[in-house]
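Asker: Dropping the structure in here first, questions after.
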Amino acid sequence: MSRILAFSGSSRADSFNTRLVAIAAAGAADAGAEVTRINLGDFPMPLMNEDLEASEGMPAAAREFKQLMIGHDGFLIASPEYNSAFSPLLKNALDWASRSEAKDEPPLQGFRGKVATLMAASPGALGGLRGLVFLRMMLGNLGVIVLPDQLAVREAWKAFNEDGSLVDENQQQAVRDLGAQTVKRVQQLSGSST
Ligand SMILES: Cc1cc2nc3c(=O)[nH]c(=O)nc-3n(C[C@H](O)[C@H](O)[C@H](O)COP(=O)(O)O)c2cc1C
């Protein structure tokens, strides 16, 4: 069974991005994947600092997040856009997860060959689309297969219903499809489906 890790780049209580990725996660689960949803706020880690890393090693929460990445085949990620880039919470978590802890540890185990689908939501007119450019580039450089389809929800303050679904039914289906497509691609890559 395909294993999908779903998370947003926001730990804000009413995060639009957390709501958005939950929709894609449901689409992935309905497509047959085993989906793990996490909140990066539950993995408190210091800002990456190589002196700290040298003296104290990888923080426990960073190791836990890294192991989750290693243990899953694909990622669904929704990130806020902060000043045209993706969020520092997400960048920091990915930076820690990119580090090897032992000389004989294969590099970038949590990244290479994994499949990712990106999305964003923002109160603004572009929906956080600009931040995804950087996120796509970074993940691609780390060996992740970032799927071409992505989606940005603009004017997010009016885009969601009380129950967390999107007001626009076509958009709701498109986000669910992103989850399902990610599963399909993981299955294709693993040879378990065509
Ligand atoms: C430091 C900072 C910078 C921001 N810059 C942008 C931006 O460049 N583009 C944008 O659309 N929204 C920007 N916003 C607004 C966020 O999109 C908004 O706070 C959004 O709700 C954050 O995502 P979340 O709801 O998932 O927490 C910014 C917010 C903060 C705190």
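The values are calculated or read from the model by the stated rules, or taken from the named source; none is laboratory data. Note that this is a predicted model, so its numbers are computed, not measured. With ideal geometry, Cβ positions are generated from the backbone for all residues, glycine too; neighbour counts draw on all protein chains shown. What goes into the accessible areas is simple: the full protein's heavy atoms, side chains included, and nothing from ligands, DNA or RNA. Shrake-Rupley method; radii C 1.70, N 1.55, O 1.52, S 1.80 Å.
Asker: I want to confirm something. Restricting to the range 128-154 and keeping residues that are more than 10 Å from the ligand (Cβ to nearest atom) and in a loop (DSSP other than H, G, I, E, B), which single residue is surrounded by the most Cβ atoms within 10 Å (Cβ to Cβ)?
Answerer: VAL144
Asker: All but one of (1) surrounded by 18 or more Cβ atoms within 10 Å (Cβ to Cβ); (2) under 20 Å from THR182 (Cβ atoms) hold for ARG37; state the number of the condition that does not hold.
Answerer: Tallying (1) surrounded by 18 or more Cβ atoms within 10 Å (Cβ to Cβ); (2) under 20 Å from THR182 (Cβ atoms), ARG37 fails exactly one: (1).
Asker: State whether one or more residues within the range 91-102 are more than 16 Å from the ligand (Cβ to nearest atom), without any contact (Cβ under 8 Å) to a residue 40 or more places away in the chain and open to solvent by 50 Å² or more (accessible area, probe 1.4 Å).
Answerer: Yes - at least one qualifying residue is present in the range 91-102.
Asker: Please enumerate the residues belonging to the range 155-164 that are within 12 Å of the ligand (Cβ to nearest atom) and either part of a loop (DSSP other than H, G, I, E, B) or free of Cβ contacts under 8 Å to residues at least 12 places away in the same chain (or both).
Answerer: Selection gives GLU155, ALA159.
Asker: Look through LYS158, LYS103 and report the one residue that is more than 18 Å from VAL183 (Cα to Cα), modelled with pLDDT under 95 and of a type in the set (D, E, K, R).
Answerer: The unique qualifying residue is LYS103.
Asker: Moving on to the next point. Among the residues in the range 113-127, are any open to solvent by 30 Å² or more (accessible area, probe 1.4 Å), closer than 24 Å to PHE65 by Cβ, within 16 Å of the ligand (Cβ to nearest atom) and in contact with a strand residue (DSSP E or B) (Cβ under 7 Å, 6 or more places away or on another chain)?
Answerer: No, there is no match, as no residue in the range 113-127 is open to solvent by 30 Å² or more (accessible area, probe 1.4 Å), closer than 24 Å to PHE65 by Cβ, within 16 Å of the ligand (Cβ to nearest atom) and in contact with a strand residue (DSSP E or B) (Cβ under 7 Å, 6 or more places away or on another chain).
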